Number of protein chains: 2
Amino acid sequence: MEHRYLENLPPAQAKSRYFAHLTAAGFAPTGETVAVQTACARTLQHAVYAHICAPHYNASAMDGVAVKASVTFGASERTPVTLTPDDYTVVDTGDPLPEGTDAVIMVEDLIDAADGCYEIIAAVHPWQNVRQVGEDLCMGDMIAPSGTVLTPALCGALLAGGVTKTEVLRAPVVGVIPTGDEIVAPTSDPKPGDIIEFNSTVFRGMLEGWGANVEVFPITPDKKDRIRAAVTEALDRCDIVLVSAGSSAGRDDYTADIIAELGTVLVHGIAIKPGKPAVLGEANGKPVVGLPGYPVSAIVIMDEIVRDLVYQSRGLATPAWNTVDAVLSKKLVSSLKYQEYVRVSLGKIGGVWSASPLSRGAGVISSFTKADGILVVPQNCEGYEAGDTVPVRLLRPLQELERTLIVTGSHDPLIDEVADLLRQSGAGFRVCSTHVGSMGAIRAVGSGLAHLGGIHLLDAATGEYNKSYVEKYFPNGGAVTVRGVGRVQGLMVKKGNPCGIGSFADVARVRYVNRQRGAGTRILCDYLLEQNGLTPQQIDGYDNEEFTHTAVAALIAAGNADTGLGILSAAKIYDLDFIPICMETYEFLVDEQYLDDPMVRAFFDVLRSDACKQRLQAMGGYLIEE
Amino acid sequence: MEHRYLENLPPAQAKSRYFAHLTAAGFAPTGETVAVQTACARTLQHAVYAHICAPHYNASAMDGVAVKASVTFGASERTPVTLTPDDYTVVDTGDPLPEGTDAVIMVEDLIDAADGCYEIIAAVHPWQNVRQVGEDLCMGDMIAPSGTVLTPALCGALLAGGVTKTEVLRAPVVGVIPTGDEIVAPTSDPKPGDIIEFNSTVFRGMLEGWGANVEVFPITPDKKDRIRAAVTEALDRCDIVLVSAGSSAGRDDYTADIIAELGTVLVHGIAIKPGKPAVLGEANGKPVVGLPGYPVSAIVIMDEIVRDLVYQSRGLATPAWNTVDAVLSKKLVSSLKYQEYVRVSLGKIGGVWSASPLSRGAGVISSFTKADGILVVPQNCEGYEAGDTVPVRLLRPLQELERTLIVTGSHDPLIDEVADLLRQSGAGFRVCSTHVGSMGAIRAVGSGLAHLGGIHLLDAATGEYNKSYVEKYFPNGGAVTVRGVGRVQGLMVKKGNPCGIGSFADVARVRYVNRQRGAGTRILCDYLLEQNGLTPQQIDGYDNEEFTHTAVAALIAAGNADTGLGILSAAKIYDLDFIPICMETYEFLVDEQYLDDPMVRAFFDVLRSDACKQRLQAMGGYLIEE
């Protein structure tokens, strides 16, 4: 089998090589002339000077009469001066001063006299109550230097200075070419094997956020000539070209070859994980980047390389990332070969930020949607210990993260429903929920990593839920449980129960799908096995572990397994039959000191609300206690 | 004269009254359905659940062959297993697993055997090298709750979950109606009395920055029925209506009356300065706001009231302002009657932020373009002392302000030119220059308020520039002067010198325009008066003070004065004649500790560059020294 090898260039080196070449090849900002009325947020290509003064004429600053100041000289209470109609002209605020006048007397200071005359008892000095020419801006003054991003007020100043059009830097047009034989346009009904093309939507959002215009090209199959034609067309119309997928060195990976034919490949393979198989190229003086097909890999290359390209072509410095220092919740091992991008969730509990690493799979887009930040582990660093303080790049505003209730532990969709009701209530905070199982909840609450932990832990000895576990793991107290719901656990099977499962003992003769170690449902499974005199070794699929009820249901629906333990609401979503096994007590573990936290209180208020009860009833399988 | 009085409602009270009424009147976010591909940055109206699993089929995670895992059981180096063509199917990464298979063997682990068979020496377990259904997302799982702002990754996740359309909150359409008889559309050639309409451009930029769509209506003259018709039309098409100007209680101020006729006026007059004459009204359940005509007043009402309207109608909490604590550079007196918005420039010198108040005129848009922040002085606070630490709302990113060279002192356009060349050089920092005169420069550098101060101070006793002043004000050293330029000072007169001015003595018989106290040019004027045996009292216009050379030139060009002292480049801009008086030494005063600051060094490098010399030559009147 043919196998070409990629480079593994340190990111800094890859970038400096690439950007030096691009600059030499003429990649630079270009300008266009736009009306100032629509120029806000654009960047000035050149310094702008006022064409006219503002005000551009001597303007009355008051309602009153315009006079020559000298006719008022000497006016006092004892020696009033009378103004005849020849001496004054009535003016409103903003009116130009008539020829020969140089001051305005306020209407309040005029005393009516006969024959249209006014008497005044105080003189005005020249230019009193007048906005003289140039008070705001003087013709020829520089209003803003080149490179200035136009604020609303600056646009106003330009117009006040008689500047109606201005040259600004063009926003680059970025062409995105999705490639791949199996790729299909977004649909809610894909056929098996169809891969929904969502990367271009992710790229569009990122690029527009950086100020670029985006043109997404049609999906192009894995044919070299077709992709080359698309790249050629994109080079005609766009300033930067991105080829999505096909950036590695496998059989159907054409991006590097095509760029080499049309221009120059500067880098093929960066010591970044995920994101290694990227191609950094140039053709016609324009950047052409080959992005990996896996969404998370592609996002990393977008952030590390393409973001700089967009800002450079806009003539702006790339903004620094917002970061926060956080305490790592668990040990993190990283390869010495790569600069690694670890998605983390962040929580601020008791004033301390903690960061918990999420899934590191390059294909798991949901790991990015759940992530609050990115921990960049440098190349040549083998990772961090739990408790180390690490800098985390923020993916959400800090303000939002500070108002986040952290709920962890056993998976139950009710937490998402409560989170949704909380958002609708306008409470002003969000819920971050992760699924680490009931035992994970005990650890997280105990170490101050979560406000709330969902638990349903069966004590095999007593048949009671939760109590003995809390006593064991919090021997000195400090944590309490708050009643949540009762819920039915059972065996999920395909519609019609084709394997004829009647009781838990039947799992020994079919393919089972299990939950992960530490999950309350796993503990229930082990308890039931023991009750039925079964051992894990007798269960086909005991090691097939999933993290949520819906994941178990999905695998049964797909035929990957015949049965698994879970809750009724998950079975209903997948139209599975459900064999009830037991009613269990799902509770929330809380550190006592957070019982009065407004977010915690709001969470329980919503949990007990009628709206929540209605949702749980619709989902099914819940016993709602008072 | 009729005069209606405005309320003077404390801002918090005005807002709570207004928003309570609007909520009761039904002002609330509304939704629309959009394609997920274009939904980035929009806010979800409802929670979104995955329609399908992702992956939605069991997908090969590798290139290799799909098998039923059980056929591989027992394979080892000593007991290899042979796979016949019936046992396997070739699959690429992403391919669906064929019916009856449940694992993939990587291509690297296959040993070629005869007749299309492969030998393997290790077993695979069920679901090895397979991305099982739902690995990323499970059907029925909530992808995001209502109120979530869609990130690029979330849009990707929605598409991966088979969601192609989604309901998001509508961005409000804000209608802006500019009113006024003298108002004209932007032009570079206005007639005397024409007031250029730039407020709507300022509003557009602000509103778009907050996520609104904007419709600017044609300029409407000060006729009540015309304005009412425009408001009625805007209420039909828009979600929020802003009427620009006419919000006070004068003769031609119709906004409040019109709103009262169409709906309800909740507030007329807020204890805010500038910005008091605002109208907060409601009609057809929609906010109608009357904005003051003065641009700075209007901007304050936009920030304080309209910003909240836009965010509320987008279903989002209004973002908090970014602030910084800064030391006030001089005493600030504020009225007890108003919450006052003072524009300040910010400088970070030696690690300390300082804030210097700028012009407080409501009509001076340039005070807003120069401002780096806003100091909000609460009602019932009479101001602050110099040296007080005050919170300042940022108008620019902190990053940008941290990379700002503060240049103050005597006005010379060369500073703007150097600033522009620095921006072009990509040095990555900006120059903030203010004009406080040469004596102001000495004070600012002495108190750590500026990096550089431009000075040209004539010692009447010695005829020398700057040296004796620096020795006097820095008796213990610590500051040095860096050579800038020689420049010609002279008398500016209208083209053709209509008053026949031959020498400085002639200023006694014409109208003069002077510079402010502390300006080097003012000191020169006083020196020349003394040399010519003249006193200030003999000079008509001695008290007419301006802050820049161009302002003096503008007034002479406008006929407000016959002559004034200034530099040649200003005279040239206004096509004035110039009678040279003397050559002076313009230098930069620097605190010794900043001589090696990279920004200071870059400034002087540019000042000495050929590009700068060329610009100075084009401006005229400069003697460029080495």
Q: Scan region A:316-342 and report the pairs whose first residue is away from chain B (no Cβ under 14 Å) and whose second residue is in a loop (DSSP other than H, G, I, E, B) and surrounded by fewer than 15 Cβ atoms within 10 Å (Cβ to Cβ), with Cβ atoms within less than 6 Å and a gap of 6+ or a chain change.
A: A:Leu328/A:Ala386; A:Leu328/A:Asp388; A:Lys330/A:Ala386; A:Lys331/A:Glu385; A:Lys331/A:Ala386; A:Leu336/A:Asn380; A:Leu336/A:Glu382; A:Gln339/A:Pro378
Q) If a residue has to be aliphatic (A, V, I, L, M), outside any loop (DSSP other than H, G, I, E, B) and either in contact (Cβ under 8 Å) with a residue 60 or more places away in the chain or not assigned by TED's automatic domain parsing to the domain that holds A:Asp543 (or both) to count, how many in region A:556-580 make the cut? A) 8
Q) Quick one: would you say B:Ile105 is buried (at least 21 other Cβ atoms within 10 Å of the Cβ), within 26 Å of A:Ala553 (Cβ to Cβ) and touching a Gly at 6+ places or on another chain (Cβ under 9 Å)? A) no
Q: Determine which single condition A:Ala298 fails, assuming it passes every other condition in (1) in contact with a Phe, Trp or Tyr (Cβ under 9 Å, 6 or more places away or on another chain); (2) surrounded by fewer than 22 Cβ atoms within 10 Å (Cβ to Cβ).
A: (2)
Q) Only one residue in A:Ala427, A:Ala441 is more than 11 Å from every other protein chain (Cβ to nearest Cβ), in contact (Cβ under 8 Å) with a residue 40 or more places away in the chain and closer than 18 Å to A:Val590 by Cβ, so which one is that? A) A:Ala441
(Q) Quick test for you: out of B:Lys348, B:Lys337, pick the one residue that is assigned to a strand (DSSP E or B) and not acidic (Asp, Glu). (A) B:Lys348
Q.
Looking at region A:497-512, can you tell me whether even one residue there is under 25 Å from A:Thr563 (Cα atoms) and in a strand (DSSP E or B)?
A. yes
Q) Of the residues in region A:530-559, how many are away from chain B (no Cβ under 11 Å) and under 15 Å from A:Pro413 (Cβ atoms)? A) 0
Q.
Suppose we filter B:Gly209, B:Gly285 for residues that are in contact (Cβ under 8 Å) with a residue 24 or more places away in the chain and within 20 Å of B:Gly315 (Cα to Cα); which single one remains?
A. B:Gly285
Q) Hey, A:Ala419 hits all of (1) of a type in the set (A, V, I, L, M, F, W, C); (2) closer than 30 Å to A:Val488 by Cβ; (3) within 14 Å of chain B (Cβ to nearest Cβ); (4) in contact (Cβ under 8 Å) with a residue 24 or more places away in the chain but one; which does it fall short on? A) (4)
Q: Determine, yes or no, whether B:Pro218 is assigned to a loop (DSSP other than H, G, I, E, B) and within 9 Å of chain A (Cβ to nearest Cβ).
A: no
Q.
Criterion first (facing chain A (nearest Cβ under 9 Å), within 15 Å of B:Leu328 (Cβ to Cβ) and not β-branched (Val, Ile, Thr)) does B:Ala355 satisfy it?
A. no
(Q) Any residue at all in region B:231-241 that's more than 14 Å from chain A (Cβ to nearest Cβ) and more than 29 Å from B:Gly315 (Cα to Cα)? (A) no
**Q.** Top-ranked residue in region A:359-388 [being under 17 Å from A:Thr404 (Cα atoms) and in a loop (DSSP other than H, G, I, E, B); ranked as nearest to the other protein chains (Cβ to nearest Cβ)]
**A.** A:Ala371
Q | Residue among A:Ala47, A:Ala28, A:Ala66 that is more than 12 Å from chain B (Cβ to nearest Cβ) and either in contact (Cβ under 8 Å) with a residue 24 or more places away in the chain or within 30 Å of B:Gly211 (Cα to Cα) (or both) | A | A:Ala66
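Conditions (1) more than 33 Å from the chain's Cα centre (by Cα); (2) part of a strand (DSSP E or B); (3) within 22 Å of B:Thr434 (Cβ to Cβ), marked per residue:
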| residue | (1), (2), (3) |
| --- | --- |
| B:Cys582 | yes, yes, no |
| B:Phe588 | no, yes, yes |
| B:Gln593 | no, no, yes |
| B:Ala602 | no, no, yes |
| B:Cys612 | no, no, yes |
| B:Leu616 | no, no, yes |
Q: Please find, within region A:171-185, the residue that is farthest from the other protein chains (Cβ to nearest Cβ) out of those that are surrounded by fewer than 22 Cβ atoms within 10 Å (Cβ to Cβ) and modelled with pLDDT of 95 or more.
A: A:Val173
Q | Subset of region A:350-361 [surrounded by 21 or more Cβ atoms within 10 Å (Cβ to Cβ) and of a type in the set (A, V, I, L, M, F, W, C)] | A | A:Ala355
Q) Of all residues in region B:235-270, how many are closer than 20 Å to B:Tyr18 by Cα and either out of contact with any helix residue (DSSP H, G or I) (no Cβ under 9 Å at 6 or more places or on another chain) or in a helix (DSSP H, G or I) (or both)? A) 10
(Q) Can you find a residue that is loosely packed, with under 14 Cβ neighbours inside 10 Å, in a helix (DSSP H, G or I) and of a type in the set (D, E, K, R) anywhere in region B:459-466? (A) no
Q: Within region A:478-496, identify whether any single residue is within 39 Å of the chain's Cα centre (by Cα), among the β-branched types (Val, Ile, Thr) and assigned to a loop (DSSP other than H, G, I, E, B), and answer yes or no.
A: no
Q) Looking at (1) crowded, with 23+ Cβ neighbours inside 10 Å; (2) at pLDDT 95 or above, which is the only condition A:Val510 fails? A) (1)
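Condition check ((1) facing chain B (nearest Cβ under 10 Å); (2) farther than 28 Å from A:Ala66 by Cα; (3) of a type in the set (Gly, Ala, Ser); (4) in a helix (DSSP H, G or I)) across all residues:
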| site | (1), (2), (3), (4) |
| --- | --- |
| A:Ala122 | no, no, yes, no |
| A:Gly140 | yes, yes, yes, no |
| A:Cys155 | yes, yes, no, yes |
| A:Val168 | no, yes, no, no |
Q.
Considering only region B:72-84, I want to know if a residue exists there that is in contact with a Gly (Cβ under 7 Å, 6 or more places away or on another chain), part of a loop (DSSP other than H, G, I, E, B) and not acidic (Asp, Glu).
A. no
Q) Looking at (1) modelled with pLDDT of 95 or more; (2) within 7 Å of chain B (Cβ to nearest Cβ), which is the one condition that is false for A:Pro192? A) (1)
**Q.** Evaluation of A:Leu150 against (1) under 30 Å from B:Ala362 (Cα atoms); (2) within 7 Å of chain B (Cβ to nearest Cβ); (3) crowded, with 23+ Cβ neighbours inside 10 Å (one fails), failing number
**A.** (2)
Q: Would you mind telling me which numbered condition in (1) within 22 Å of A:Thr369 (Cα to Cα); (2) among the hydroxyl-bearing types (Ser, Thr, Tyr); (3) surrounded by fewer than 18 Cβ atoms within 10 Å (Cβ to Cβ) A:Ser200 fails?
A: (3)
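The values are calculated or read from the model by the stated rules, or taken from the named source; none is laboratory data. These numbers were taken from a predicted model, which means no experiment stands behind them. With ideal geometry, Cβ positions are generated from the backbone for all residues, glycine too; neighbour counts draw on all protein chains shown.
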